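S.K.: Have a look at this one.
The values are calculated or read from the model by the stated rules, or taken from the named source; none is laboratory data. Since this is a predicted model, take the numbers as computed values, not measurements. Here the Cβ positions follow ideal geometry from the backbone for every residue, glycine too, while neighbour counts run over all protein chains shown.
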Amino acid sequence: MRKIVGVGVSAGIAIGIVKILSANDHAVERRVVDDSQEEVARFRKAQDAARQQLKTLRDKTAAEFGEGKAELFDAHQLMLRDPDYVESIESMISGNKVNAEFAVNSTAEQFAAMFVAMDNSYMQVRAVDIKDVSKRLLNVLEGKTTGEGNDDGVPHIVFADDLAPSETVQLDRTKVLGFVTAKGSSNSHTVILARTMGLPAIIGIGDGLDAEYDGKTAIVDGTTGTVFVDPDEDVLSEYRGKKRKYEDHLRLLQELKGKPSETKDGQRIRLYANIGRPSDVTAVLANDAEGVGLFRSEFLYLESEDYPTEEFQFEAYRDVAQKMGDRLVVIRTLDIGADKQVGYFGLEHEDNPALGYRAIRICLTRPDIFKVQLRALLRASAYGNIAIMLPMITSVQEVRDAKEILESVKNDLRAEGAAFNEGIKVGIMIETPASVIMADKLAAEVDFFSIGTNDLTQYTLACDRQNPNLGRFADTHSPAILRMIRMATEAAHAHGIWCGICGELGADLNLTEKFLDIGLDELSVSPTSVLPLREEIRKH
């Protein structure tokens, strides 16, 4: 028996036969071509074939996982036509008279390295996408097929060096029991798909991937990140029992749908969900969240090649509002900067971006961008229960300046005869020590507080949240953090407004009783955390 520890990224337990998927890396040779124009034409023909494959894959993904997950392959089709990407390939073919395979592979390596070098975890994951798209092109050029290809019909646990999103989708989901990869990122598309499929997944086992494991029995615990290969009978028996208990617990959680998030003595707390895209609403409703406590609108900017238009944003916000019906949808205004960089914003390099030009600071100094978003938000408010939330607030003046811009946008819409909710609520995120200290004054200016515990922890403890070496010092349970949460909540209640948490700490079941004691009105968490949190609340 061998025990391997990686990073658990999708909960659950799988027991089954190991199936190792080969990396299928391309050893691409450089060849000189006589007719570069003919070689460019061959590349373009392969590009068309790859685009058709992606369209087919998109339709398959939409049918099996929903439109939201299928959007990934819309992005892949855009990458395939990206002017910089195509120009690099064709220029290399024409200028150096090399074969298309070499030009595609070289461009893929160059672009992937560029993404990996970015100080932005979201953009770093795009390196996987560019490699996936380029691998598909190479397969077409070389006459190879894509997909799993060697399925023998036996349920199995997939072991791989890494998995591209397209490879994950093409696996037979009726036969796959779980995923284990040597590499990978916790916010990759593949991990998101694994969670959607409800399969346990572990990444980052590194050298723990051994070709000799193929065909052997394995246990995958996606909660702890532990893998057992060729387990003895005692360990097998133990994990069969754990698997039964886990599955029984999932069934019991389903019975909590429609029931109040209420303690035994009648204390109610609202359970909302955090989302990043309109497509995430499906998971919000499936997990019976009572509203959306944080719609991270910056993803509309991160996933665009240029500033998203008012109409594009309006449709996204309206879509969420309509699907949520009467349930509250809190939309955070643009929170770009720090670890979320967008090239077309033209932001200058900063030695300490976490303390730099970001979020509300950008909005207040570039009102042209801010007003486009506010117009879209206000117009969408006519179609549902939308509230606006301002991030990274440190002073009363910032709130007043933002409200002044909001009022000017309202006046413009009134003059145009556009419908919007005149009584739309405006809140702020409490994520700096300054906002906690000034909470009594800030509460007089807004309709609600939402505590962003991720940044509040970072700024209070002076621990960079992106630095893996500071884990032991970034104590999210620090008495300083809990005291700040209490101070903000008490200030909110003293002024008759509600206060919630939208940071990851809200889903920490070890703190649920403490949050109830503090008197928080709302917790906004990932959709899959809603029912476990409701269960915990009802115990107290």
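S.K.: From the list Asp248, Asp172, Asp232, pick out the single residue that is modelled with pLDDT under 85 and charged (D, E, K, R).
M.R.: Asp172
S.K.: Which one of these does Ile386 not meet: (1) under 30 Å from Ala480 (Cβ atoms); (2) of a type outside the set (Lys, Arg); (3) at pLDDT 95 or above; (4) in contact with a Phe, Trp or Tyr (Cβ under 8 Å, 6 or more places away or on another chain)?
M.R.: Unmet for Ile386, out of (1) under 30 Å from Ala480 (Cβ atoms); (2) of a type outside the set (Lys, Arg); (3) at pLDDT 95 or above; (4) in contact with a Phe, Trp or Tyr (Cβ under 8 Å, 6 or more places away or on another chain): (1).
S.K.: Would it be correct to say that Val396 is assigned by TED's automatic domain parsing to the domain that holds Arg327, surrounded by fewer than 18 Cβ atoms within 10 Å (Cβ to Cβ) and among the aliphatic types (A, V, I, L, M)?
M.R.: yes
S.K.: Go through the residues of the stretch 388-406 one by one and say whether even a single one is aliphatic (A, V, I, L, M) and farther than 24 Å from Ala439 by Cβ.
M.R.: no
S.K.: May I ask you to list the residues in the stretch 514-540 that are of a type in the set (D, E, K, R) and surrounded by 21 or more Cβ atoms within 10 Å (Cβ to Cβ)?
M.R.: Hits for the stretch 514-540 are Glu522, Arg534.
S.K.: Also, I was wondering about something else. Taking the condition of being within 15 Å of Met429 (Cα to Cα) and assigned to a helix (DSSP H, G or I), how many residues in the stretch 320-339 meet it?
M.R.: 0
S.K.: Do we find a residue being assigned by TED's automatic domain parsing to the domain that holds Lys371, loosely packed, with under 13 Cβ neighbours inside 10 Å and part of a helix (DSSP H, G or I) anywhere in the stretch 290-300?
M.R.: So in the stretch 290-300, the residues assigned by TED's automatic domain parsing to the domain that holds Lys371 come out as 290-300.
Applying the additional criterion that residues be loosely packed, with under 13 Cβ neighbours inside 10 Å yields none.
No: zero hits.
S.K.: Among residues belonging to the stretch 264-289 that are crowded, with 18+ Cβ neighbours inside 10 Å and among the hydrophobic types (A, V, I, L, M, F, W, C), point out the one that is farthest from Met392 (Cα to Cα).
M.R.: This residue is Ala283.
S.K.: OK, next. Considering each residue of the stretch 337-346, count those that are surrounded by fewer than 20 Cβ atoms within 10 Å (Cβ to Cβ) and either closer than 28 Å to Gly291 by Cα or in contact with a strand residue (DSSP E or B) (Cβ under 7 Å, 6 or more places away or on another chain) (or both), and give that number.
M.R.: Total meeting the criteria: 1.
S.K.: State all residues of the stretch 361-381 that are of a type in the set (A, V, I, L, M, F, W, C) and either closer than 29 Å to Ile437 by Cα or loosely packed, with under 15 Cβ neighbours inside 10 Å (or both); if no residue qualifies, say none. Talk me through it step by step, then tell me what you get.
M.R.: Taking the stretch 361-381 and keeping what is of a type in the set (A, V, I, L, M, F, W, C), we get 362-364, 369-370, 372, 374, 376-378, 380.
Once the filter is applied, which keeps residues that are of a type in the set (A, V, I, L, M, F, W, C) and either closer than 29 Å to Ile437 by Cα or loosely packed, with under 15 Cβ neighbours inside 10 Å (or both), the stretch 361-381 yields Ile362, Cys363, Leu364, Phe370, Leu374.
S.K.: Show me the strands (runs of 3 or more DSSP E) entirely contained within the stretch 173-275 in which 1 or more residues are free of Cβ contacts under 8 Å to residues at least 40 places away in the same chain and within 24 Å of the chain's Cα centre (by Cα).
M.R.: Output list reads 176-181.
S.K.: With a cut-off of at least 3 residues that are over 24 Å from the mean Cα position of the chain (by Cα), under 30 Å from Arg251 (Cβ atoms) and in contact (Cβ under 8 Å) with a residue 40 or more places away in the chain, name the helices (runs of 4 or more DSSP H) lying wholly within the stretch 442-540. Give the steps one after another, and end with the answer.
M.R.: Details: elements: 453-461, 479-494, 512-518, 530-539.
Hits in the stretch 442-540: 530-539.
S.K.: Taking only the stretch 231-259 into account, find how many residues are touching a helix residue (DSSP H, G or I) at 6+ places or on another chain (Cβ under 8 Å) and surrounded by 14 or more Cβ atoms within 10 Å (Cβ to Cβ).
M.R.: Total meeting the criteria: 3.
S.K.: Please specify each residue of the stretch 32-52 satisfying the condition of being part of a helix (DSSP H, G or I) and acidic (Asp, Glu). Give the derivation first.
M.R.: First, pick out the residues of the stretch 32-52 that are part of a helix (DSSP H, G or I): 36-52.
If the condition is that a residue be part of a helix (DSSP H, G or I) and acidic (Asp, Glu), then Glu38, Glu39, Asp48 are the ones that fit.
S.K.: In addition: Ser408 is checked against (1) at pLDDT below 95; (2) out of contact with any helix residue (DSSP H, G or I) (no Cβ under 7 Å at 6 or more places or on another chain) and fails just one. What number does that condition carry?
M.R.: Of (1) at pLDDT below 95; (2) out of contact with any helix residue (DSSP H, G or I) (no Cβ under 7 Å at 6 or more places or on another chain), only one is false for Ser408: (1).
S.K.: Has the stretch 225-247 got any residue that is of a type in the set (Ser, Thr, Tyr) and touching a Lys or Arg at 6+ places or on another chain (Cβ under 7 Å)?
M.R.: Yes - at least one qualifying residue is present in the stretch 225-247.
S.K.: Those residues that are crowded, with 18+ Cβ neighbours inside 10 Å and either outside the structural domain of Ile360 (by TED's automatic domain parsing) or not polar (S, T, N, Q) (or both), I need them from the stretch 309-322; list them, please. Lay out the reasoning, then the answer.
M.R.: The initial filter retains those residues of the stretch 309-322 that are crowded, with 18+ Cβ neighbours inside 10 Å, namely 313-314, 316-318, 320-321.
Hits for the stretch 309-322 are Phe314, Ala316, Tyr317, Arg318, Val320, Ala321.
S.K.: Under 8 Å between Cβ atoms, which residue pairs at least 6 apart in sequence (or on different chains) link something in the stretch 342-354 that is under 23 Å from Pro308 (Cα atoms) and in the same structural domain as Tyr307 (by TED's automatic domain parsing) with a partner that is among the β-branched types (Val, Ile, Thr) and in a loop (DSSP other than H, G, I, E, B)?
M.R.: Listed by first residue and then by second, the contacts come to Val342/Ile336; Phe345/Ile336; Leu347/Ile336.
S.K.: May I ask you to verify whether Ser435 is in contact with a Ser or Thr (Cβ under 9 Å, 6 or more places away or on another chain), of a type in the set (S, T, N, Q) and not in a helix (DSSP H, G or I)?
M.R.: Taking the combined requirement at face value, the residue does not satisfy it.
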